[in-house]
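The values are calculated or read from the model by the stated rules, or taken from the named source; none is laboratory data. Since we're looking at a predicted model, the values are computed, not measured. Positions of Cβ are generated from backbone atoms using ideal geometry, with glycine treated the same way; all protein chains shown enter the neighbour counts. Each accessible area value is taken on the protein alone, full model and side chains, heavy atoms only, with ligands, DNA and RNA left out. Shrake-Rupley method; radii C 1.70, N 1.55, O 1.52, S 1.80 Å.
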Amino acid sequence: MDEIKKTSFGSLQPDVEDILNWNDFSDDDFKSASGEEKKDFIPQRASVSYWADAWRRLKKNTVAMIALGVLVVIFIFAFIGPMLVPYGYEQFNKGAENLHPWHISLEDKARLAEAMKTKTPEEVVEEAMAKAAAEGKKLSSIEIAQIRAKAKVSGEHVDENGKVLRGAELEKVLKKELKIKTRLFGYSDDELKRKAAGESVFPHVFGTDKFGRDIMVRVMIGTRVSMLVGICAAFLVLVIGAAYGSISGYFGGKVDIVMQRIVEIIYSVPDVLVILLLSAMLGEAMKSYASSGKFGSQFVSIMGANLISMFIAFAALYWVGMSRIIRGQVLQVKQQEYVTAAKALGASHGKIIRRHLLPNCIGQLVVTTCLQIPSAIFLESFLSYLGVGVSAPLTSLGSLASEATQGMYTYPYRLIFPALILSIMILSFNLFGDGLRDALDPRLKK
């Protein structure tokens, strides 16, 4: 037999000699595989559930995990923080009014007061009246007005450039000249004395308002209220939207047409206007029921007409987006074989929706609910800022920001703290919701 020519390197022709030797087997090739060989042939991997796989992919999303960590910190701040602070959110601390989130020592305060040498107009008038009385005179109303007008410009200082300094501007310059150090946290004079005596005094970390109420505790309670409103509103949207959308998508036909026309009508209704109208209509009825002493009257008194109207609006209007998402998902899922098999076995429509359709929409349900929370928080804060949201004595981040705008230039920290926490909370919910959507989407599996 002629020698078979070997193919050259890089040729596309098959190696004929190798192909002819494919049928050359030895007895060892037909021996049974050992236990170790069988075990290593197909490596066994632990089965991973849908939720475990979603959690694995979510952990790889750094931004979403950071947002989740921030939300956990905010949750602890809002729900556990008030238990650790000895002040109540309604408590008036006499002598601790308008404290900044920083302080200066009592000695530095005395040095600063001596340098400014400023008296109030009433003190100047009282001194002038006492001096006139000692001389046997009585000041007229015109003379008192002139003294008071001059007293308003007392304590002025002129710098080296000839500029007149007074008030906060003068205080700032004198602090720099006297090298007065500013320390963290706010303390009243009485609290500073107790602290100097060795007594344990809890500081006003965020300062206080004009009534001496601790701002940090109020921000904690406001964050709690805003989070609870967002979560409860999202739960209402979940229940109503999921039920409505699944029924519309499952039955289809004329039922779907009628239900979707209702959704389109609701879409055209302005939600803020509905909340304002409900608040006006329910205001008097809520007040009379709150004072009646009947079951739930205390709860109605705390919530107020505005907040109850907000929840009614959430239940009446805000579920339409959820219903459309679930309807679209149900329209796809109801064509699957297991749904047809359930119908053939005589399962009722309600059981098919509960046991087969909604469980297969769980990813969309979770993600849409999570993204609904920041939307509800923002609406509540916006309405509270306008004064038609949470009613006093209850507070929220929006109402705190509204109160702070009255002294925004003098006490900017009152606005910064609630606005900053509100922004971080809404941003964190949105980022976590985006990460959760990516993790629960089966099309993004790797």
**OP:** Tell me which residues, restricted to the stretch 271-310, are among the acidic types (Asp, Glu) and out of contact with any helix residue (DSSP H, G or I) (no Cβ under 6 Å at 6 or more places or on another chain).
**Re:** GLU284
**OP:** Go through the stretch 234-276 and give me each residue that's hydroxyl-bearing (Ser, Thr, Tyr) and either loosely packed, with under 13 Cβ neighbours inside 10 Å or in a loop (DSSP other than H, G, I, E, B) (or both).
**Re:** TYR267, SER268
Original post:
Are any residues in the stretch 328-384 surrounded by 13 or more Cβ atoms within 10 Å (Cβ to Cβ) and small (Gly, Ala, Ser), and if so, which ones?
Top reply: GLY328, ALA342, ALA347, GLY363, SER375, ALA376, SER381, SER384
Original post:
Is it the case that the stretch 257-266 has a residue that's among the acidic types (Asp, Glu) and within 23 Å of the chain's Cα centre (by Cα)?
Top reply: no
Original post:
Residue check: is ILE231 open to solvent by 30 Å² or more (accessible area, probe 1.4 Å) and either touching a residue at least 40 places away in the same chain (Cβ under 8 Å) or of a type in the set (Gly, Ala, Ser) (or both)?
Top reply: yes
**OP:** Might you let me know whether the stretch 206-223 holds any residue that is in contact with a Lys or Arg (Cβ under 7 Å, 6 or more places away or on another chain), surrounded by fewer than 20 Cβ atoms within 10 Å (Cβ to Cβ), over 30 Å from VAL339 (Cβ atoms) and at pLDDT below 90?
**Re:** yes
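Can you pull out every residue in the stretch 411-422 that is touching a residue at least 40 places away in the same chain (Cβ under 8 Å) and farther than 13 Å from VAL219 by Cα? Break it down into steps so the answer makes sense when it comes.
The first filter runs over the stretch 411-422 and keeps only residues touching a residue at least 40 places away in the same chain (Cβ under 8 Å), leaving 411, 413-414, 417-418, 421-422.
Selection gives TYR411 alone.
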Original post:
Among the residues of the stretch 388-415, which ones are open to solvent by 50 Å² or more (accessible area, probe 1.4 Å) and under 24 Å from ILE231 (Cα atoms)?
Top reply: ALA392, PRO393
Subject >> MET281 farther than 27 Å from ASN430 by Cα and surrounded by 20 or more Cβ atoms within 10 Å (Cβ to Cβ) >> reply: no
